[in-house]
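The values are calculated or read from the model by the stated rules, or taken from the named source; none is laboratory data. Because the structure is a prediction, the values reported are computed rather than measured. Cβ: placed from backbone, ideal geometry, glycine included. Neighbour counts: every protein chain shown.
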Amino acid sequence: PRRIDLAVIPGDGIGPEVTAEAVKVLRAVTGDDVDLALTEYSLGAEHWLATGETLPDGTLERLRTHDAILFGAVGAAPGDTRIPSGLIEREFLLKLRFSLDHFVNLRHSRLYPGVPSPLADPGTIDFVVVREGTEGPYTGNGGTLRGGTPQEVATEVSLNTAHGVERVVRDAFARASVRRGKLTLVHKHNVLVYAGHLWKRTVEAVAAEFPEVAHDYLHVDAAMIFLVTDPARFDVIVTDNLFGDIVTDLAAAVSGGIGLAASANLNMDRTAPSMFEPVHGSAPDIAGRQIADPTAAILSAALLLRHLGLNAHAARVEAAVEADIAARTGARSTATVGDAIAAAVS
Ligand code: NAD
Ligand code: IPM
Ligand code: MN
């Protein structure tokens, strides 16, 4: 059988709980077809508290050698004073996305049959957000002057390069061309004029290569109106790193909740492994109680299978998840959901 060599990073909070179910489903669906090698890495806020390590160079180099990375979530509870806010997010998660050049952060939103939406009349929700993954205000390109004084000045500069914008915009057009042929650029070029115009000009230039794709533009604030009042209008949304973060939590909320939202951090040039993770975080408020929904992690594992060319296996996981969601009645434990989906794909 084909060998697949995965790194598994369970992380903090509910990360280990949901990742265990994703691994369970991966093992069940691949069975004897795949020689699945898993290497678990201890990383995250708890690991930092125990060791002082965020993401050592040696670990990063070992992570590079895998075919793909399955990741849970990291992060401390917002009120936890033992760990500086942003340390793990920046020095582990963003460092990983940047170092492995995960320039496409792909997040699908689909309202599955039988799933309640908080929207009274949601219509058909089936769109993808192509979120830029390596630039924007996430690059740590900021600083502070006169910290702690009444004259303090803090900046966070948004970095946007022609190369970085063009490659993610081209990816989004390519996805739209094999979907419903509609791309929406979400930005704020009425205020963010330099970056906004780079994004707008790039969309217009790349559009010429995709005559079959219609494109439009929404300012991010208005886009949030339509995400709630008319989500069916969206097919592919392309946007920057920070807008994409915010848009995709709302997108998750309107399409069945954060417990169902999967994501892929893709290095589309395949110069380093891609990483698959639920959109949600470590959810300290529910951690350790076996009440987290592992579906987002399981659907992220399906995206991993598809990225590695195991399309039939990915489709089996997605079909099993869809059936599981449609049959839901009451609350089930994290492991019970994983067991049911694993049994369905075996
Ligand atoms: P969160 O996504 O962890 O939680 C938001 C809310 O959604 C919480 O009420 C939580 O209980 C609920 N929730 C999340 N996942 C769920 C699931 N699978 N099933 C049921 N309910 C679920 O966001 P937060 O509270 O803002 O962040 C907590 C920590 O996670 C912070 O340290 C943050 O930095 C970090 N974080 C990490 C990632 C990541 O690792 N990719 C993503 C987001 C947040
Ligand atoms: C996400 C998270 C991360 C992000 C944080 C934890 C750095 O919110 O994956 O959506 O903002 O990208
Ligand atoms: Mn987020």
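Note on the range 215-246: residues that are crowded, with 18+ Cβ neighbours inside 10 Å and among the small types (Gly, Ala, Ser) total 2. Just to be sure before I move on: is residue 149 at pLDDT 95 or above, among the β-branched types (Val, Ile, Thr) and loosely packed, with under 12 Cβ neighbours inside 10 Å in the structure I sent? So residue 149 passes the test. Only one of (1) at pLDDT 95 or above; (2) within 16 Å of ligand 3 (Cβ to nearest atom) is not met by residue 85, so which one is it? Only one criterion in (1) at pLDDT 95 or above; (2) within 16 Å of ligand 3 (Cβ to nearest atom) is unmet by residue 85, namely (1).
Could you say whether any residue in the range 194-214 is more than 22 Å from the chain's Cα centre (by Cα), among the aromatic types (Phe, Trp, Tyr) and surrounded by fewer than 17 Cβ atoms within 10 Å (Cβ to Cβ)? Yes, the range 194-214 contains a residue that is more than 22 Å from the chain's Cα centre (by Cα), among the aromatic types (Phe, Trp, Tyr) and surrounded by fewer than 17 Cβ atoms within 10 Å (Cβ to Cβ). Within the range 168-204, the set of residues being closer than 20 Å to residue 105 by Cβ and out of contact with any strand residue (DSSP E or B) (no Cβ under 8 Å at 6 or more places or on another chain) comprises 170, 174, 177, 178, 192, 198, 202.
Residues in the range 270-300 that are touching a helix residue (DSSP H, G or I) at 6+ places or on another chain (Cβ under 9 Å), within 16 Å of ligand 3 (Cβ to nearest atom), farther than 16 Å from residue 24 by Cα and not polar (S, T, N, Q): 275, 279, 280, 281, 283. Taken over the range 87-135, the criterion of being surrounded by fewer than 22 Cβ atoms within 10 Å (Cβ to Cβ) and closer than 13 Å to residue 266 by Cα is satisfied by 97, 98, 99, 101. Selection within the range 67-118: residues that are among the basic types (Lys, Arg) and not in a helix (DSSP H, G or I). The member of this set that is farthest from the chain's Cα centre (by Cα) is 82.
Considering only the range 205-220, I want to know if a residue exists there that is over 19 Å from residue 110 (Cβ atoms), within 16 Å of ligand 3 (Cβ to nearest atom) and part of a helix (DSSP H, G or I). So far as the range 205-220 goes, yes, one or more of its residues are over 19 Å from residue 110 (Cβ atoms), within 16 Å of ligand 3 (Cβ to nearest atom) and part of a helix (DSSP H, G or I). Looking only at residues in the range 2-45 that are over 21 Å from the mean Cα position of the chain (by Cα) and not in a strand (DSSP E or B), which one is surrounded by the fewest Cβ atoms within 10 Å (Cβ to Cβ)? Residue satisfying both the conditions and the ranking: 32. Among the conditions (1) at pLDDT 95 or above; (2) small (Gly, Ala, Ser); (3) in contact with a Pro (Cβ under 7 Å, 6 or more places away or on another chain), the only one that residue 326 does not satisfy is (1). When the range 168-193 is filtered for residues that are in contact with a Gly (Cβ under 8 Å, 6 or more places away or on another chain) and surrounded by fewer than 20 Cβ atoms within 10 Å (Cβ to Cβ), the ones remaining, listed by number, are 188, 189, 190.
Which residue out of 200, 182 is without any contact (Cβ under 8 Å) to a residue 40 or more places away in the chain, of a type in the set (Lys, Arg) and more than 16 Å from ligand 1 (Cβ to nearest atom)? Sole residue among the options that is without any contact (Cβ under 8 Å) to a residue 40 or more places away in the chain, of a type in the set (Lys, Arg) and more than 16 Å from ligand 1 (Cβ to nearest atom): 200. Of everything in the range 80-105 that is among the small types (Gly, Ala, Ser) and more than 10 Å from ligand 2 (Cβ to nearest atom), the residue that is farthest from residue 57 (Cα to Cα) is 85. Scanning the range 213-259 for residues that are touching a helix residue (DSSP H, G or I) at 6+ places or on another chain (Cβ under 9 Å), within 16 Å of ligand 1 (Cβ to nearest atom) and over 18 Å from residue 123 (Cα atoms) yields 241, 242, 243, 245, 246, 247, 249, 258, 259. Among the residues of the range 300-319, those identified as of a type in the set (A, V, I, L, M, F, W, C) and touching a residue at least 60 places away in the same chain (Cβ under 8 Å) are 301, 303, 304, 305, 308, 310, 317. Of the residues making up the range 270-316, those that are in a helix (DSSP H, G or I) and more than 25 Å from residue 44 (Cβ to Cβ) number 7.
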